[in-house]
Structure formats: structure tokens, C-alpha cells
Amino acid sequence: MPSRFCKGMCLCVSRHITTMNNSMRMCHPCSKTSRTDGTREGHGSQRWRDVRGLLRFSPAIVKNKAMFFVLSKTLAVLLEPLAHPYILLCIAALARLVKQRRLFRYALMAALMLPLLYGFLPVSEAPLRYLENRYPVPQLADKRIDGIIILGGHTGSGLVSATRQQPQQASGADRLTTGLALFRQYPDVVLILSGRSGQLQPTGWNEAEISRKLTESLGVPQLNIIYEDVSRNTYQNAVQSLERAVPQPGSNWVLVTSAAHMPRAVGAFEAAGWQGIIPYPTDYKTTPTITGLYSLPGGIRATRNWLHEWFGNTVYWLTGRSTRLIP
């Protein structure tokens, strides 16, 4: 009996040590793990997939387009830099109510200091500059171009446009002007102007109507232009444009959008099944390198832009609407 007991204990300890060794080997940053397809990949890739799996949105939200759209727009309110001091003041008030003195002091100090910290441009512009520097403006002289896609987001208020009977442009107007300049160079290709409205409750003219009136007023030939008037976000832009363009294998389509928005757009178009996309960024908000030191309005604008884009990239990646976190 004692010998059987000792043998069983030794076997149990041996298995435990083997398990620990395997766990340590898996957690080592230089280790490799086998994939089902026979290839090898680093532990970092597996770690990112694990994080993505833990943070993944509910399937009901992912599949329901209307729910996803409403939720994304609602959460985006929390990203407004001007709202952050008020949010922190509410947290401070609650902390005072439940007698959490340390949290009360930290939240109150953050509410007072955070808006001023946004003004330091080397810090507030850095995340936005990183996104805008991801894709350089391409040289198209030696490439065959089959089509051009201009993403929405460049139009102004639909209600003002309708009531004033004059199409309005927004801060992203460079998307349209750059896209039309390319269309002038390649007048025989298909031009898709993609987008209906990014508002929760759109009123007045939609983006497609405003874009049509703008191009007509500028005398742009309408024969090869497609106005996609269904999509309400970037991923829907990609899906709806793909259905209308039906690109052939080996074709090249130029994608025009704001430079900070380009990574999310590329990821969405890849996830939707597009191939042969040539990113053509425009509407830059930062210089290539650090030039300024302090500007409160400029810092708040930059923070608003990069918070919106980084939040969008993260949500798209978690919901499978983008192939990578930062394409």
C-alpha cells in the first residue's frame, strides 16, 4: 500500500510539474504556439485574439445594424472633450456623497486640470498625427485606375441645406474636392459618392442629395457617377459600395477620405471583401511633425478627432467590422 501511494503521489507531482512547464513556456514572450494550419505564430498574436474575445460585443448588437448604429452614436457622446470636466465633477459629487475622500480629490483635480492639459499640442495632437501619417498620398501616374470612392462626412447640415435651398459643406469638404480633382484626371472611371447620413435623426437633404446638387452646380458630368444613399457608417459605406461597384479581380479603386479616418476605412473595406483599394488621404488636421506648443482650441479639436477615430477603430475591430485594430 505505501509503495502504491508513493507511486501515485510521484505521478501526480510529475503531471503537475509538466503542466506548469507548459504554462510557463506558453507565457514566455519569445515562445511560439502551433496553429491548426500547421504554421507558427508568436504568443503576442494569440494574446491579441484572447483580448478581442474577452471584449467582444454581444452578437445581438453586432448583427443588428440599427442597434449598433444607435449604440455607437450614444457612446460617442462620452468622447466629447468638453463633456469630460462635467463627467468628472459628477464623479466627484458621488465620491463626496459616499465619503470617498481620495476619489473626490482626484476627480475634482482632474476636472480642473484636464481641459488645460488638452491644450498641450505635442500631447493632444500625437494620436491624431499617428493616424494621419499611416498612409501617404499615393502616386497614381503609373497605375491603372478603375474607380474612385469618396466617403461621406463632407456635407453640412441637411436641414440648413434644405431650408436655405443651398447645399452646405462641412470641415471634411476636402474629401469631395480631392475626389473630384481625381475624377477630372480619370473622367472615364466610375465615381461613387457613398453615404446617406451619420445622424441619429437625419432631417432635410441627405448626403447623397447634397453631393448631387454640389456636383451638378459645379458642372461635373453625371454619366459615370453613382450616388450611394443607404449607408450610415464606414462599414456600410464599404458594403454598399461593393454591391454597386462589383469590382473585378485585379482592379484598382482609389479610396478618398480624411487622413485620420483612413485607417478605419481601409480596415472596413478589407473586412467587407474589397481588394485593390488604393488609400488616398486628404483633409489633414496636423502637420507631419510637431510644430506648435500650446493652443487650447486646437488641442481640444485634435483630442475630439483622435478620440472619435481611436474609439471607432477599436469598436470596429471588436465587432469584426475591421481586419485589424489599426490598419
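Positive-end ranking of Ser258, Phe183, Gln248 along the dipole of segment 136-283, with charges on Cβ about the Cα centre, is headed by Ser258.
Listed by Cβ neighbour count within 10 Å, with the fewest neighbours leading, Lys285, Lys99, Lys143 appear as Lys99, Lys143, Lys285.
Magnitude of the charge dipole for segment 65-118, about its Cα centre and with charges confined to Cβ atoms of Lys, Arg (+1) and Asp, Glu (-1), is about 280 debye. Simple point charges give the picture: +1 on the Cβ of Lys and Arg, -1 on the Cβ of Asp and Glu, and for segment 136-283 a dipole about the Cα centre of about 180 debye. Ranking Tyr118, Pro81, Leu103 by how far each Cα lies toward the positive end of the dipole of segment 65-118 (charges on Cβ) leaves Leu103 at the top. For q = 0.10 Å⁻¹, what log10 I(q)/I(0) does segment 136-283 give under the Debye formula with an equal point scatterer on each alpha carbon and no solvent? Result of the Debye calculation: -0.30. Under conditions of 10 °C and 1.306 mPa s, segment 208-283 yields 118 µm² s⁻¹ as its translational diffusion coefficient, taking Rh as the Kirkwood radius over Cα pairs in the Stokes-Einstein equation.
In a fully extended conformation the segment linking Arg164 and Leu200 would gain 10.8 nm over its present Cα-Cα distance, using 0.36 nm per residue.
Extension gain, Ser171 to Val98, is 21.9 nm, computed as 0.36 nm per intervening residue step minus the present C-alpha separation.
Suppose a student asked you for the relative contact order of segment 65-118, using Cα pairs under 8 Å spaced at least 6 residues apart; what percent would you report? In percent, rounded to a whole number, it is 34.
We did not get these values from a lab; they are worked out from the coordinates using the rules stated. These figures come from a predicted structure and were not determined experimentally. Backbone-built Cβ (ideal geometry, glycine too); neighbour counts: all protein chains shown.
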